[in-house]
1. For region 26-56, enumerate the residues that are small (G, A, S) and touching an Asp or Glu at 6+ places or on another chain (Cβ under 8 Å).
2. Filter region 4-28 down to the residues that are assigned to a helix (DSSP H, G or I) and surrounded by 13 or more Cβ atoms within 10 Å (Cβ to Cβ) and list them by number.
3. Could you please give the count of residues in region 45-70 that are within 16 Å of the ligand (Cβ to nearest atom) and either of a type in the set (K, R) or loosely packed, with under 12 Cβ neighbours inside 10 Å (or both)?
4. Please identify the pairs in which a residue from region 3-29 that is among the acidic types (D, E) has its Cβ atom under 8 Å from the Cβ atom of a residue that is modelled with pLDDT of 85 or more, counting only partners at least 6 apart or on another chain.
5. Check whether at least one residue in region 37-44 is within 12 Å of the ligand (Cβ to nearest atom), of a type outside the set (A, V, I, L, M) and touching a Gly at 6+ places or on another chain (Cβ under 8 Å), and report yes or no.
6. Looking at V26, V51, V35, which one is modelled with pLDDT of 70 or more and in contact with a Ser or Thr (Cβ under 9 Å, 6 or more places away or on another chain)?
Amino acid sequence: MTTDDADESEPHVPVVCSACDTTSRVPLSELATTVERHNDHLHDGDEVAEVDPEIADQLADLVATDLGLLEE
Ligand SMILES: [Zn+2]
């Protein structure tokens with residue numbers, strides 16, 4: 001099986017939480033769930049934790065390219 005290889009090849013995204021003063025890297029496929037769960041459990045649903053702003057722009061470009069949103 002190649003489960004481990006698949007995990008390692010998946011892009012990880014740094015998520016920062018200014019309130020908790022933490023940074024964690026999560027797999028792209030779990031990004032939305034992880035951020036939502038963190039904010040839900042620790043911050044009453046406030047959107048405190050977020051993708052590291054330094055790469056959020058790059059990520060948006062990547063995702064937009066992936067979805068073909070830039071090809072209009
Ligand atoms: Zn937090």
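The values are calculated or read from the model by the stated rules, or taken from the named source; none is laboratory data. Fair warning: this is a prediction, and the values are worked out from it, not measured in the lab. No Cβ is skipped: glycine too gets one built from the backbone with ideal geometry, and neighbour counts run over all protein chains shown.
1. Quick first cut of region 26-56, residues small (G, A, S) only: 29, 32, 45, 49, 56.
Once the filter is applied, which keeps residues that are small (G, A, S) and touching an Asp or Glu at 6+ places or on another chain (Cβ under 8 Å), region 26-56 yields S29, A56.
2. Selection gives L28 alone.
3. 4
4. Filtered contacts from region 3-29: D7/P27; E10/P27; E10/L28; E10/S29.
5. yes
6. V26
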